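Undergrad: Mind having a look at this structure? Questions to follow.
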Amino acid sequence: MRGARPRSRGGVVVHQHTSIGGIIPLQNVTILIFALILSLLFILALSCSLLGGDVEDEPLFRSMLNDIATNDPGVVLLGENIDIDVDEPSVTISWSLVACGDGFELDGSSGIHGSQCGLPSMALWIYADNSPEPAAIYNPVSIPLVRKTGQRRRIENLVRFDSDHTLDVYKARLYPFDTYFLTSTLRAVDAFNATVPIRKLSTIEQVTSFVVAISDVESYEIINGTQVPTRDFDLFVTRPGQLRSYTMLLFGINWMLCHVTIGHVILARRLVDIKSMTKHLVSAFAILLVIPQLRNSMPDSPGFDDSALIDYIGFIPQMIISALCVLAILLLVMVREYDEMESKQPPRQITVQPFQRPPPLHNPKMFSVPPAPPILPQKLPKHLRAEVRTRSIAMELGEATRLKDELDITSDQVRAQSRLVESNLLSDMFQSNRFSFLLYPYVKRTSLVKRTSQSLYRD
């Protein structure tokens, strides 16, 4: 198996590619072109899905309106737009007036949402949540007609009104699994102050960042002892599944980045080279800056001051751990810098003084008695040499008693002198810091005392 081998032809280098196992390897430029083409095809496919997103198989309210026109004609209110503001907190519903069936539908106005229904043919006053002031006033006379066709123009400001409702947001801290609930009531009155029954209340199912589900129920109020028909609805608001998935994905990525900073600390702790440690420091600091940006990119996320649970178990501990890791790497870099500075300094020369024994204590009292001069042997006369050499002769001459008395006196003097030397030596030890009182039993037996005693005994 051989690869490409360059050959020279007329000064030009020609690369000849040979197959490897029957497969010719692709050049890097060819691989890059294929990758670019695949990227463009992927973007084009996504764009086509966006272009066809507004095409519906059937209008949203058509089947419902046709059923009402056939079975239960009357006035219908359609919530075609819902603005949900969790921070406010409030919900604004934009209602459209629709009438289905003969006697309720305005001539020339049928065909709303592709159905058999049109605009109401009578004037209406709409009251929301038992408010004394009407939320909307509808007058069919103000609806213009097209001259050529005779059809009614559906002017949004003439056939649509808004109703504001307070939203219960006690579960807002559970983002992105927060849910909301709203209840309200509506009542319609004609120009003769007679109540017009509302047959149906319906809204769209999905708005920006929320999924809406509505259920309506027929109800009544007692006004001046008379039952007045009304229409109540319950509105359930949740987050869509795509938003929850995207949010949890970002939540997991933030925790993974936080764990990466811990890994940077472990790796930096085992390194000695400061340049390599700096790479870990830069990476950990970049993660510290990226985590808040990912937190802000969560769709319709609450503010940092809203005390959301996702911040208490995610963003706040992530920032604390990442910041501590950055500080730990900084401290490790400082320690390595200090160690490197210490290693570059020349070693200090330390002179070790040899241990010197303390000089012996010099007590002038110890040597107060001068040593006796040596006794030189004297040459005795010839006639006395034999008498001195013999001990028995001295004993016979009466010298034994005299020698015994002299020895007793000398031994008493030696004992007294030894006690004096010992007392002087102890007093010097107490005054000096070189010895301790505990050494007294050993000092007592030193050769100095023995030599002093022997010299005194000889004297």
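Undergrad: Whose amide H sits under 5 Å from the amide H of Tyr220, counting only residues 5 or more places off or on another chain, with H placed in the peptide plane?
TA: When sequence neighbours closer than 5 places are left aside, the close amide H contacts are Thr230.
Undergrad: Which percent of the accessible area of the stretch 136-294 is formed by carbon and sulfur heavy atoms (probe 1.4 angstrom)?
TA: Numbers: 5370 of 9300 Å².
Solvent-exposed carbon and sulfur of the stretch 136-294 make up 58 percent of the total.
Undergrad: Give me the tail of P(r) for the stretch 27-159 as a percent: Cα-Cα pairs with distance above 18 Å.
TA: Working: 5994 of 8778 pairs.
Tail fraction, whole percent: 68.
Undergrad: Which value, in Å², gives the accessible area per residue of the stretch 174-321 when a 1.4 Å probe is used on the protein heavy atoms?
TA: Per-residue value: 53 Å².
Undergrad: Distance from the Cα centre of the stretch 116-149 to that of the stretch 233-274, in angstrom?
TA: Here the answer is 52 Å between Cα centres.
Undergrad: Let me know the Rg and Dmax you get for the stretch 263-309 when you use only its Cα atoms, in Å.
TA: Cα radius of gyration and Dmax of the stretch 263-309 are 15.8, 46 Å respectively.
Undergrad: Quick check for you: with a 1.4 Å probe and neighbouring chains kept, what is the accessible area per residue of the stretch 87-148, in Å²? The partial results should precede the final answer.
TA: Numbers: 3050 Å² over 62 residues.
With all protein chains present, the stretch 87-148 gives 49 Å² per residue.
Undergrad: Then there's this: For the stretch 170-306, what does the equivalent ellipsoid look like in terms of its semi-axes, each the square root of 5 times an eigenvalue of the Cα gyration tensor, given largest first in whole Å? Mind dumping the intermediate values first?
TA: Numbers: eigenvalues 671, 26, 22 Å².
So the equivalent ellipsoid measures 58, 11, 10 Å along its semi-axes.
Undergrad: Moving on to the next point. Would you work out which of Tyr175, Thr208, Asn193 lies farthest towards the positive end of the dipole of the stretch 160-211, given +1 charges on the beta-carbon of Lys and Arg and -1 on that of Asp and Glu, about the Cα centre?
TA: Asn193
The values are calculated or read from the model by the stated rules, or taken from the named source; none is laboratory data. Here the structure is a predicted model, which means the values were calculated and not measured. Note: ideal-geometry Cβ built from the backbone for every residue, glycine included; neighbour counts use all protein chains shown. Note: accessible area is taken over every heavy atom of the protein model, side chains too, but ligands, DNA and RNA are not part of it. Shrake-Rupley method; radii C 1.70, N 1.55, O 1.52, S 1.80 Å.
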